[in-house]
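A short write-up of the structure that comes next.
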Amino acid sequence: MKFTLSWLKHHLDTDASVTEIADALTDLGLEVEGIENPAERLANFTIGYVQSAEKHPDADKLRVCQVDTKDGPTQIICGAPNARAGITVVIAAPGTYVPGIDTTIGVGKIRGIESYGMMCSEREMELSDEHDGIIELPSGEVGQSFTDWLALHDPAKVDPVIEIAITPNRPDALGVRGVARDLAARGLGTLKPLTVDPVPASFVADLKVSIDDDTLDVAPFFCGRLIRGVKNGPSPAWLQQQLRAIGLRPISFLVDVTNWFTYDLNRPLHVFDADKVTGNIRVHRAKGGETLTALDDKTYTLQPGQMVISDDNGPESIAGIMGGLDTGCTMDTVNVFVESAYWDPIQIAHTGRALKINSDARYRFERGVDPAFTPEGLEHAVRMISDHAGGAVSELIKAGQVPDTSRAYRLDAKRVISLVGMDIPEATQRQTLCALGFRLDGNMAHVPSWRPDVQGEADLVEEVARIASLTKLQGKPLPRSAPGVPKPILTPGQVRQQVAKRTAAALGYNECVTYSFVDAQAARLFGGGDDATMLENPISSEMSHMRPNLLPGLLRAAARNQARGFMDMALFEVGAGFHGGEPGEQHMLISGVLIGRTGPKDVHGTSRPVDLYDAKADAEAVLAAIGAPAKVQILRGAEGWWHPGRHGKICLGPKKVLAVFGELHPKVLQEMDIKGAAVAFTIWPDEVPLPRSKTATRPALAATDLQAVERDFAFVVDAEVEALTLVNAAAGADKALIADVRVFDEFIGGSLGAGKKSLAVTVRLQPTEATLKDTDIEAVSAKIVDKVTKATGGVLRG
Amino acid sequence: MDELRSKYLNMIADAADEASIEDLRVQSLGKKGEISMKMRELGKMSPEERQVAGPALNALKDEINSALAAKKAALADAALDARLRTEWLDVSLPGRARRRGTIHPISQVTEEVTAIFADMGFAVAEGPQIESDWYNFDALNIPGHHPARAEMDTFYTHRAPGDDRPPHVLRTHTSPVQIRSMETTGAPTRIICPGRVYRADYDQTHTPMFHQVEGLAIDKDISMANLKWVLEEFVKAYFEVDHVDIRFRASHFPFTEPSAEVDIRCSWEGGTLKVGEGDDWLEILGSGMVHPKVLQAAGVDPTQWQGFAFGMGIDRIAMLKYGIPDLRAFFDSDLRWLRHYGFAALDVPTLHGGLSR
């Protein structure tokens, strides 16, 4: 919303400066987005008086002028035809920037004669397009600032333009008068009275207006007056100037009047060329399929239920949004029908959105114009047209009733103080509301018709608070809800997320935050991509589906890094995957991806390609950090994006999967544009059981002084026997005595023959009663061999 | 006796290796050693003679023993020195490489914000990212026709043919979490709701996904003045400055009334943000007193309870504090960016240790 200072002063009697007004507007909730002050650009131009003007000896069209300026008598060469002795002119002294020619004036020689400045035309100062000659001022003192002179004699030329942002709740501030009212309530001046002297009717028009019964709910009131014999043409200069100042193009007087009232009083109007209207006017809902060429020269096809204004020929205007081209006013219009109506905001919003029309009228009607002002607004426009363009005015033609929006809410002064936390006396509160147009009846505040946003007591609080100024609000400490040291506030799940992140980072992974949506192909590769998780209006096909888990996003990120030349990486993310499209169909995940080598090749020879045992170790470390039990099962049979033989599920029972680790399927990697192999892990932190006891106390440490003994065993087993089976069997041989069983060697094939392998384990025996004797060790060794043989079919290697 | 002493001490001093030391020991103090033989002769002496020769011999024996041990240790030291002289490594070679992981600024800043608000008694609430339009809009006093709905560039989820419910949305703010939380816990309550939010917009300063943290405090007598204090305290703590001016400007949000945009005083001298000084104002958040209709929608009686809510962008305050220029890079996972703007695993922000290092 733009307006000029002088336009504002048309409604507000004030001496406040532009800065004071701008600060107040921002504080009131009408945020100033910009101020354009033409006086600033012209600040250096001063007034001079031409003493003499002689023809340039070497140029017919140039004159050598002697000019009195702020710097004393000055010689200036000028090419303007009107440059002559005895005129008062505007001088750009050397050093002055002249906006219209984008040049800073210097001292120069023109055809051999020195010139100390420039006498300017209006166009050179961007005041108008006038360039027939230099400005001749009717008055002005030598040396006087030109902008000061303009402010006194032609204030519109130095009129600051203020642009403010209007929040959706303030349609009233979409008119200059509404802005003025807010400023007056703040105490920055007095709101001038708004009166109109309606033009007396001189005839009764034949034109009739009707509103269909099924349309009255959305088009409750329509009125207009016919003016015969107007003389349309360009608008008067002041009107053109004001429209231009706010960025509107003057079209013709009749059209300009409607635009001006749209901005001045937030009262959109429409003018029909009455000679192009056939028969009567009818407001109704479209059947659907009707077409109409609007004033923007575009043809629109109406949808069923949309509001239209028709004559006997069919639709002529999209009600409240845009008029039709056929019945629009032109310079030749002599008989005009001026329309003022009230349209339902929701209906306008739906139609405007459906037809994709953004007009000033739609913008205002969908936010809500003042319904009660509908007939009065018409009278303002008719008065202006009649005064300027003449014509005979008909009786009021109307249909329907101005809707009753009267309502009142209780002003609870104490509640206002309690909510805002500012001591605003009751009298001030009442005064504020009155200044904004509320009528107070006891404690009941009757809402003015131009404030559709005020719908309850809370809105009264807001009005009082913003006029009182929230800038002045002083902070007051908010006491702790309970005294003393604050209690922990994170849930166990939240703690787990933090711990998981910091553990993964400590393991050398870089945390990523990738988009929650991925492309359909990537989603499908990882078990998602169905319609339930699809977006209706994705921003691009790369972001069409909610991610089923974190791997597609991480792999896409990895591919981008590979493309940048980074081949070794460890990435992780903690976030939600989506298994459905309903609220809550999301689950927390922790995923890490390892690609390339453990590090760059190095002098110590420690760098090697990453493999699934890296992923497994990292998954176990993160699981341990978030409190998962150490005793788990490793099962196979995870989803298809894992390498079928090279992955494992870390489980507490077949249905309780805490994590999956392993190599990713080569085909999936290929489709995700990953070069080389990749290993990964995924953890479901919410599957990890919560600790049973809440105590921080640890069990006492049981450390015996008796010496532990380690013994190694190697077994030859079938190649598909899993090491964990062997380890568990060995450990089960004597649960009291065996403290630990570790695999330290795996050897496949060779002299063992095909399908066989050797697994070597170290068993640590920790006695608790007495030092082990050789016989004890032999006894437990025999049991170990026995158990392992039974469990795996293996034999002790000789 | 003196002769014997000097003879052996000289020989020990001249010994070249451990073997000659052992030879000398046998030769002097061995069973048949010279000094041992002399000791045996003591028995044949008269008591007077013995009284003189005995202690002298014993002293000699001790002295030779010590000399042998000292020489042995000196030889071992010399041998070790000689070995160590050959054991030279190029210490300028790099140590064994270790990967250095990082925490994303979003996680770090979320923890910072959490630490500050936890101290003021705010818990952390979370909720679904796919929301019903009731929780995302209606419950927050944004009815179907409200212009704010269109202005929010909402993402909608697909509806199967025949499913006539209004489409779900990707939450456009974390406010629905406030509703869900109040439904569960009622009043009084103090929570912050950090998390991902979505709006269909993409340019240098907008990404279709970003992060918000909203706060909510409901009690019997919480006022907008309390809100201002909480935000002042937050801004000071977060930006780690002693003083900051914050400015409330009247504004409008459907879910609060009165509403205020909040600016902080800052300077942009030399292109870097300094909070708490200068003449510029930086808009960092929106806030207000919770609208009675919102309380009602969440099952809290607005005649009994009142309070404030606020919301700000986590990504945005991360950019401001840590000088990160481009929002889009947050979600690109460029390793160079992650390493440059990321935080060390053990840089856990705390109030007692400081939020940043």
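The values are calculated or read from the model by the stated rules, or taken from the named source; none is laboratory data. Bear in mind the structure is a predicted one, so any value in this text is a computation, not a measurement. For neighbour counting, all protein chains shown are included, and Cβ atoms are generated from backbone atoms with ideal geometry for every residue, glycine included.
Within the set B:GLU240, B:GLU269, the sole residue that is more than 28 Å from B:THR172 (Cβ to Cβ) and within 29 Å of the chain's Cα centre (by Cα) turns out to be B:GLU240. Criterion first (in contact (Cβ under 8 Å) with a residue 24 or more places away in the chain, under 18 Å from A:ASP264 (Cβ atoms), among the charged types (D, E, K, R) and outside any loop (DSSP other than H, G, I, E, B)) does A:ASP182 satisfy it? Considered against the rule, which asks whether it is in contact (Cβ under 8 Å) with a residue 24 or more places away in the chain, under 18 Å from A:ASP264 (Cβ atoms), among the charged types (D, E, K, R) and outside any loop (DSSP other than H, G, I, E, B), A:ASP182 comes out as yes. Hey, could you check the range A:335-354 for residues that are more than 14 Å from chain B (Cβ to nearest Cβ) and under 30 Å from B:GLY144 (Cα atoms) and say which is surrounded by the fewest Cβ atoms within 10 Å (Cβ to Cβ)? Among them, the one singled out is A:GLU339. The set of residues in the range A:447-475 that are under 26 Å from the mean Cα position of the chain (by Cα), among the β-branched types (Val, Ile, Thr) and more than 7 Å from every other protein chain (Cβ to nearest Cβ) contains only A:VAL454. Of all the residues in the range B:123-165, those that are within 13 Å of A:GLY581 (Cβ to Cβ) and not acidic (Asp, Glu) number 11. Quick check on my filter: what residues within the range A:285-337 are of a type in the set (Phe, Trp, Tyr) and either within 21 Å of A:ARG225 (Cβ to Cβ) or without any contact (Cβ under 8 Å) to a residue 40 or more places away in the chain (or both)? Of everything in the range A:285-337, just one residue is of a type in the set (Phe, Trp, Tyr) and either within 21 Å of A:ARG225 (Cβ to Cβ) or without any contact (Cβ under 8 Å) to a residue 40 or more places away in the chain (or both), namely A:PHE337. The single condition among (1) closer than 21 Å to A:TYR613 by Cβ; (2) not assigned by TED's automatic domain parsing to the domain that holds A:LEU612 that A:HIS647 does not satisfy is (2).
Across the range A:534-557, which residue is surrounded by the most Cβ atoms within 10 Å (Cβ to Cβ) among those that are more than 7 Å from chain B (Cβ to nearest Cβ) and at pLDDT below 95? Among those residues, the one meeting the criterion is A:PRO538.
Counted as qualifying within the range B:47-145 are the helices (runs of 4 or more DSSP H) with 1 or more residues that are among the hydrophobic types (A, V, I, L, M, F, W, C), at pLDDT below 95 and more than 30 Å from B:ARG180 (Cβ to Cβ), namely B:47-86. Just checking, does the range B:280-288 include any residue being at the interface with chain A (Cβ under 10 Å from one of its Cβ atoms), in contact with a Pro (Cβ under 9 Å, 6 or more places away or on another chain) and at pLDDT 90 or above? Yes, there is a match, as at least one residue in the range B:280-288 is at the interface with chain A (Cβ under 10 Å from one of its Cβ atoms), in contact with a Pro (Cβ under 9 Å, 6 or more places away or on another chain) and at pLDDT 90 or above.
Taking every residue in the range B:1-14 that is assigned to a helix (DSSP H, G or I) and pairing it with any residue that is β-branched (Val, Ile, Thr), at least 6 positions away or on another chain, the pairs with Cβ-Cβ distances below 8 Å are B:LEU4/B:ILE35; B:ARG5/B:ILE64; B:TYR8/B:ILE35; B:TYR8/B:ILE64; B:LEU9/B:ILE64; B:ILE12/B:ILE21; B:ILE12/B:ILE64. Residues of the range A:505-518 that are over 15 Å from B:ILE106 (Cα atoms), at the interface with another protein chain (Cβ under 7 Å from one of its Cβ atoms) and crowded, with 24+ Cβ neighbours inside 10 Å: A:TYR509 alone. Taken over the range A:419-445, the criterion of being assigned to a loop (DSSP other than H, G, I, E, B) and away from every other protein chain (no Cβ under 14 Å) is satisfied by A:PRO425, A:GLY437, A:PHE438, A:GLY442, A:ASN443.
Can you find a residue that is outside the structural domain of A:GLU31 (by TED's automatic domain parsing), surrounded by fewer than 14 Cβ atoms within 10 Å (Cβ to Cβ), modelled with pLDDT under 95 and over 21 Å from A:MET384 (Cβ atoms) anywhere in the range A:218-240? No, the range A:218-240 contains no residue that is outside the structural domain of A:GLU31 (by TED's automatic domain parsing), surrounded by fewer than 14 Cβ atoms within 10 Å (Cβ to Cβ), modelled with pLDDT under 95 and over 21 Å from A:MET384 (Cβ atoms). Residues A:ARG564, A:ARG502: which one is within 8 Å of chain B (Cβ to nearest Cβ), of a type in the set (D, E, K, R), more than 28 Å from the chain's Cα centre (by Cα) and surrounded by fewer than 19 Cβ atoms within 10 Å (Cβ to Cβ)? Within the list A:ARG564, A:ARG502, the selection yields A:ARG564. B:ASP164 falls short on exactly one of the conditions (1) surrounded by 21 or more Cβ atoms within 10 Å (Cβ to Cβ); (2) assigned by TED's automatic domain parsing to the domain that holds B:ALA217, and that condition is (1).
Residue-level check: of (1) more than 10 Å from chain B (Cβ to nearest Cβ); (2) buried (at least 21 other Cβ atoms within 10 Å of the Cβ); (3) under 26 Å from A:VAL369 (Cα atoms), A:ARG496 misses just (3).
Where strands (runs of 3 or more DSSP E) fall entirely within the range B:179-297, those with at least 3 residues that are assigned by TED's automatic domain parsing to the domain that holds B:MET319 and polar (S, T, N, Q) are at B:256-267.
Every test in (1) away from chain A (no Cβ under 11 Å); (2) in contact with a helix residue (DSSP H, G or I) (Cβ under 6 Å, 6 or more places away or on another chain) is passed by B:ALA76 save one, and that test is (2).
When the residues of the range A:567-585 are filtered to those that are over 25 Å from A:ARG608 (Cβ atoms) and small (Gly, Ala, Ser), the one that is farthest from the other protein chains (Cβ to nearest Cβ) is A:GLY577.
Among residues of the range A:377-405 that are under 22 Å from A:PRO452 (Cβ atoms) and assigned by TED's automatic domain parsing to the domain that holds A:ALA219, those with a Cβ under 7 angstrom from a residue that is charged (D, E, K, R) and at pLDDT 95 or above, sequence gap 6+ or separate chain, pair up as A:GLY377/A:ARG267; A:LEU378/A:ARG225. The residue that is farthest from the other protein chains (Cβ to nearest Cβ), counting only those in the range A:586-601 that are out of contact with any strand residue (DSSP E or B) (no Cβ under 6 Å at 6 or more places or on another chain) and without any contact (Cβ under 8 Å) to a residue 40 or more places away in the chain, is A:LYS601. Taken over the range B:160-178, the criterion of being more than 7 Å from chain A (Cβ to nearest Cβ) and either out of contact with any Cys (no Cβ under 8 Å at 6 or more places or on another chain) or assigned to a strand (DSSP E or B) (or both) is satisfied by B:PRO161, B:GLY162, B:ASP163, B:ASP164, B:ARG165, B:PRO166, B:VAL169, B:LEU170, B:ARG171, B:THR172, B:HIS173, B:PRO176.
State which residue pairs qualify: first residue in a loop (DSSP other than H, G, I, E, B) and inside the range A:240-261, second residue among the charged types (D, E, K, R) in any location, beta carbons under 8 Å apart, and separation of 6 or more residues or different chains. Going by the 8 Å Cβ cut-off, the qualifying pairs are A:ILE246/A:LYS2; A:GLY247/A:LYS2; A:PRO250/A:ARG244; A:PRO250/A:ASP256. Where helices (runs of 4 or more DSSP H) sit wholly within the range A:1-105, those with at least 2 residues that are under 55 Å from the mean Cα position of the chain (by Cα) and surrounded by fewer than 15 Cβ atoms within 10 Å (Cβ to Cβ) occupy A:18-28. Residue count for the range A:451-465, restricted to those that are of a type in the set (D, E, K, R), touching a Lys or Arg at 6+ places or on another chain (Cβ under 9 Å) and part of a helix (DSSP H, G or I): 3. Only residues that are surrounded by fewer than 19 Cβ atoms within 10 Å (Cβ to Cβ) and in a strand (DSSP E or B): list them for the range B:307-329, please. Answer for the range B:307-329, where residues must be surrounded by fewer than 19 Cβ atoms within 10 Å (Cβ to Cβ) and in a strand (DSSP E or B): just B:GLY313.
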